[in-house]
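A.B. asks: Structure provided below as structure tokens; questions to follow.
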Amino acid sequence: MEAWEQCRKAAVADELGPDWRCPALDRWLCLEFYIKRHSIEDVETYIRNSGEGLNEDPFEFGRLNMYSHVL
């Protein structure tokens, strides 16, 4: 619901555009990349134990590895 609310607020403020990012969706993508699970218990445990990587740019994941396979 947080992502929908952030999108709604951005739309009302006329901020939506090709460069707009939803912080809640970025965080969700980071969780999916690192945890690879959907249960709330796994997410809570991960955040409690380290939470590492939750502030990364999810669109950068795997980019370095992708280029090494192309070469």
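The values are calculated or read from the model by the stated rules, or taken from the named source; none is laboratory data. It should be emphasised that the depicted structure is a prediction, and the values quoted were computed from it without experimental measurement. Neighbour counts run over all protein chains shown; Cβ positions are idealised from the backbone, glycine included. Ligands, DNA and RNA are stripped out before the accessible areas are found, and what is left, the full protein with its side chains, is counted by its heavy atoms. Shrake-Rupley method; radii C 1.70, N 1.55, O 1.52, S 1.80 Å.
A.B. asks: Using a 7 Å offset from the Cα along the Cα-to-Cβ direction at both Leu25 and Ala13, what is the distance between the two label points in nm, to one decimal?
C.D. replies: Each label point lies 7 Å from its Cα, and together they span 1.6 nm.
A.B. asks: What accessible area per residue comes out for the chain, rounded to a whole number of Å², with a 1.4 Å probe?
C.D. replies: With all protein chains present, the chain gives 84 Å² per residue.
A.B. asks: Under the rule of -39500 (n - 2.57) per DSSP H run of 4 or more residues, summed and divided by the residues of the chain, what mean residue ellipticity at 222 nm is obtained, to the nearest 500 deg cm²/dmol?
C.D. replies: Roughly -17500 deg cm²/dmol at 222 nm, from the helical runs in the chain.
A.B. asks: Modelled label-to-label distance, Met1 and Ile35, 7 Å Cα→beta-carbon offset: nm?
C.D. replies: Going by the 7 Å Cα→Cβ label model, 1.8 nm.
A.B. asks: Mind checking which of Trp20, Leu31, Ala3 is farthest towards the positive end of the chain's charge dipole, using Cβ charges of +1 (Lys, Arg) and -1 (Asp, Glu) about the Cα centre?
C.D. replies: Positive-end residue among those listed: Leu31.
A.B. asks: To continue, here is another question. How many percent of the accessible area of the chain is carbon or sulfur, using a 1.4 Å probe? Could the numbers behind the result be given before it?
C.D. replies: Details: 3360 of 5940 Å².
Looking at the chain in its full context, I get 57 percent from C and S.
A.B. asks: What's log10 of I(q)/I(0) for the chain at q = 0.22, 0.23 Å⁻¹, Debye sum over Cα points only, no solvent?
C.D. replies: -0.99, -1.02
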